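First comes the structure, then the notes that go with it.
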Amino acid sequence: MSVELPLWRALTGYRVLTLAYVLVLFVVSYKKYAHPLVAAAYMTALTVWMAFTWRRTTSAERCTRAFLIGDLSFALGGILLTLVADSHERIMDGAATLPSIWTAGAVLGFAIKGGWRWAAVASALVAVVNLVERQELARDTIHNVVLVWVASVAIGYVVEVARASERTLARALQIEAATRERERLARDIHDSVLQVLAMVQRRGAAIGGEAAELGRMAGEQEIALRTLVSSGLVPPRAAVPGTADDTVRTPEEALAAPVPCAEDGPDAGPCDVRALLAPHAGARVTFSEPGAPVVLPAAAAAELAAAVSAALDNVRVHAGATAQAWILVEDEPDEVIVTVRDDGPGIPEGRLADAEREGRLGVALSIRGRLRDLGGSADWISVPGQGTEVELKVPKGGAVPGGGKRGRSTA
């Protein structure tokens, strides 16, 4: 049940009870009015309005903006009509206006429907009309105006907080349900698909020939599937404004929700680096990641992923197709560090400088250049015969100037 539903029910009851009070007050004071027929006409119109619209305040869907404006107009019109129906002496003595406390119901409708801002505007209009009707800043008038203003704004603020809490709870329940479903699928996959792939890999290696290649491919798919199941990097589909599943989000919620980079550019949102690097995992590439999202601006994350891809290209070209590679992601307080290591023959001393002088700029542009544009760095540690380690560092909050991309080549 929505947290707003009890508020709408309470507002409906308030409007009905205050109408009954206003009618009793009118009957008691009938002979005191200067023009009782004017007061009687207003009370009749107000009663008819309530008879046809009392269900409008039973839910947010029925309570439209047009109805709220009409309801408030009845209240404001009744206050101004008091100048005609009642005598000047009674008005100056503090006699109740024709709609009396029924007016507060119209203001509370704005508070529940639109929050404290709508409530403040409606309360301000009521205050102005009350001062016009009283023609002076009397203490009791100011007291009533301030009371309505504070009550409606407070209720409007509470409604906004309740809506935010309800959205947060709904989101938490969705995440819990998705997590349970993913765990169930992971158990089923582990008990069936992964075991079959592992068996195909073992049997293919034992048989040899074309079956060995089939086994190798099954092993790669097993590792990729196991990585996907264990990491759970696929996020829920984001709601598109204007669609049926549109979800209102605050700017803080949008910034705190990192997602894989679906789009690029300086205006793209935050991005989880793990989602961009996880697809590299395979039979000969081991991917190690933190358990929590590793967040960078989308442009910086995309450039870092491109640099890692270039480093893996170098492994395949220079270390051979059988070389084993490892990717390690580290999330430090001020920077993100990605290490790419292989067990290839290593790089002879001075080889990178010679390649750059010869015009082969794979390392200079595809890796070091990308990191330099982000304000980061790329360092190589290589011992001939013991493999190569590339350490890529990107400061958090880094961005690519102009959102530009560099071409990719291999050293």
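When the solvent-accessible area of the stretch 66-172 is split by element, carbon and sulfur atoms take up 71 percent of it, the probe being 1.4 Å. Sequentially through the stretch 201-216, phi angles give Karplus couplings (6.51, -1.76, 1.60; θ = phi - 60°) of 5, 5, 5, x, 5, 6, 6, x, x, 5, 5, 5, 5, 4, x, 4 Hz, Gly and Pro residues having no value and appearing as x. Annotation: amide H-H contacts under 5 Å for Ala325 (H modelled 1.01 Å from N, sequence separation of 5 or more, or interchain): Val285, Thr286. Looking at the stretch 19-107, the accessible area is 49 square angstrom per residue; that uses a 1.4 Å probe and ignores ligands, DNA and RNA. Separation of the stretch 145-161 and the stretch 90-119 by C-alpha centroid, Å? The stretch 145-161 and the stretch 90-119 have Cα centres spaced 12 Å from each other. A convex hull fitted to the Cα coordinates of the stretch 21-141 yields 97 cubic angstrom per residue.
The values are calculated or read from the model by the stated rules, or taken from the named source; none is laboratory data. Remember, predicted model here, so these are calculated numbers, not experimental data. The accessibility values were calculated without ligands, DNA or RNA, using every heavy atom of the protein model including side chains. Shrake-Rupley method; radii C 1.70, N 1.55, O 1.52, S 1.80 Å.
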